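*Asks:* Pasting a structure here, questions to come.
The values are calculated or read from the model by the stated rules, or taken from the named source; none is laboratory data. Keep in mind it's a predicted model, so treat the numbers as computed, not measured. Every residue, glycine as well, gets a Cβ built from its backbone with ideal geometry; the counts of neighbours run over all protein chains shown. Quick note on the areas: whole protein, heavy atoms, side chains included, nothing else; ligands and nucleic acids left out. Shrake-Rupley method; radii C 1.70, N 1.55, O 1.52, S 1.80 Å.
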Amino acid sequence: MRRLPTVMLEDGCSNELLLLIRTVLAACKEISFRVGQGALSGVLGSTLDENIQGETQKKLDVLSNQLLKDILLESGYVKAIASEEEDYTVAGNPDAKYIVAFDPLDGSSNTDINSLVGTIFSIMEAPEGSDAADESIFMQPGHKQVAAGYVLYGPSTMLALTIGKGTRLFTLDKTQGSFLLTQDFSVIPEDTNEFAINASNQRHWQPAMQNYINDLVAGDTGPRAKNFNMRWIAAMVGDVHRVLSRGGIFAYPTDTKDPKKPNKLRLLYEANPMAMLVEQAGGIASTGSERIMDIQPDAIHQRVAVILGSKNEVETCLGYHKD
């Protein structure tokens with residue numbers, strides 16, 4: 001099996017970008033260890049604080065964020081970082097080329113039940129001559145990403161990574177501390193009979209999504225004339241990993257449950273990197289009305305609707321939104 005640096009260099013990855021990716025992964029290895037220790041590490045449960053999103057922070061959220069923040073800023077490879085757990089962007093090396101946005105521990109509520117969690121990251125180039133303290137440097141559409149990925153902390157620790165030349169899957173060899181290539185290129189099947197969505201919100205969805213899911217649930221007795229299975233992990237990394245591994249459609253659509261927050265997932269460090277990974281594997285990633293990676297961001301913690309996965313199934317879903 002080939003190691004990550006060898007594979008990335010063969011893909012034309014620059015040494016500078018490779019060093020940055022390896023820095024991100026160094027922090028992820030430490031997070032993997034802490035997650036794997038579970039209750040033995042004393043970091044399960046919630047803190048008394050909320051993040052900028054108004055969400056109660058888990059102890060592992062705070063720890064994971066600090067690990068990534070410290071190692072990235074100390075490396076000198078990043079001009080600035082943006083994190084789900086930080087109110088504002090944090091300036092780094094003013095002369096560095098790259099900026100990094102990340103969700104340090106996606107699905108952190110799963111830690112208390114020993115279920116899947118992960119780290120999601122997005123890497124872009126900083127505009128030339130820009131100020132490291134100016135958060136507007138992150139206001140770039142997703143198609144400007146030079147790399148995107150996630151590390152999934154499950155029975156094994158896996159990395160999905162793209163630098164715009166396909167999506168590859170790696171597995172952490174914990175005996176050597178190296179990520180080894182275990183799936184050369186992920187290809188999402190164009191058709192599927194699996195969908196992932198939080199069905200408890202169905203009554204709050206827009207009519208288009210309600211109609212689409214109703215037709216899936218109707219199975220072979222409905223207009224789709226085939227049976228579908230629903231899967232829901234409650235961690236985007238887990239649900240998207242399944243899509244990359246065997247196909248499917250994942251959706252977190254607009255809803256009316258909280259009028260102040262019609263959308264759940266954050267554009268810069270959740271939707272954009274996942275959209276890049278999915279598109280590079282032959283899938284589609286949309287809000288229901290536009291391609292996710294074409295959205296011009298207007299805030300660090302901007303939220304968007306997400307529909308992504310198998311090409312034909314996503315197109316079918318989008319067809320409901322056009323009616």
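*Asks:* I'd like the full set of residues that are modelled with pLDDT of 95 or more, of a type outside the set (S, T, Y) and over 11 Å from A27 (Cα atoms), limited to segment 47-78.
*Replies:* Within segment 47-78, L73, E74, G76, V78 meet the criteria.
*Asks:* So which residues in segment 272-320 are at positive phi and crowded, with 23+ Cβ neighbours inside 10 Å, if there are any at all?
*Replies:* The answer is G309, and nothing else.
*Asks:* Can you confirm whether E86 is closer than 17 Å to R22 by Cα, acidic (D, E), over 15 Å from the mean Cα position of the chain (by Cα) and surrounded by fewer than 21 Cβ atoms within 10 Å (Cβ to Cβ)?
*Replies:* It is false that E86 is closer than 17 Å to R22 by Cα, acidic (D, E), over 15 Å from the mean Cα position of the chain (by Cα) and surrounded by fewer than 21 Cβ atoms within 10 Å (Cβ to Cβ).
*Asks:* Give me the residue from segment 133-151 that is of a type in the set (A, V, I, L, M) and under 24 Å from L181 (Cα atoms) and, out of that set, surrounded by the most Cβ atoms within 10 Å (Cβ to Cβ).
*Replies:* Residue satisfying both the conditions and the ranking: A148.
*Asks:* Can you say whether K261 is modelled with pLDDT under 95 and of a type outside the set (V, I, T), as far as the supplied structure shows?
*Replies:* Yes; evaluated as a whole, the condition is true for this residue.
*Asks:* Identify the residue in segment 14-35 that is basic (K, R) and in contact with a helix residue (DSSP H, G or I) (Cβ under 8 Å, 6 or more places away or on another chain) and, among all such residues, is least open to solvent (accessible area, probe 1.4 Å).
*Replies:* R34
*Asks:* Restricting to segment 186-207, give me the number of residues that are under 13 Å from K257 (Cα atoms) and assigned to a loop (DSSP other than H, G, I, E, B).
*Replies:* Within segment 186-207, residues that are under 13 Å from K257 (Cα atoms) and assigned to a loop (DSSP other than H, G, I, E, B) number 2.
*Asks:* Kindly provide the set of residues from segment 122-132 that are open to solvent by 70 Å² or more (accessible area, probe 1.4 Å) and of a type in the set (G, A, S), ordered by number.
*Replies:* Correct list: G129 only.
*Asks:* Still on this model: Give me a count of the residues in segment 91-115 that are open to solvent by 30 Å² or more (accessible area, probe 1.4 Å) and modelled with pLDDT of 95 or more.
*Replies:* Adding up the residues that qualify gives 5.
*Asks:* Now for a different question. Looking at Q210, Q183 in this structure, which one is farther than 25 Å from A299 by Cβ and touching a Lys or Arg at 6+ places or on another chain (Cβ under 7 Å)?
*Replies:* Answer to the selection: Q183.
*Asks:* Looking at this structure, is D239 under 30 Å from E86 (Cβ atoms) and more than 17 Å from the chain's Cα centre (by Cα)?
*Replies:* Spelling it out, it is not the case that D239 is under 30 Å from E86 (Cβ atoms) and more than 17 Å from the chain's Cα centre (by Cα).
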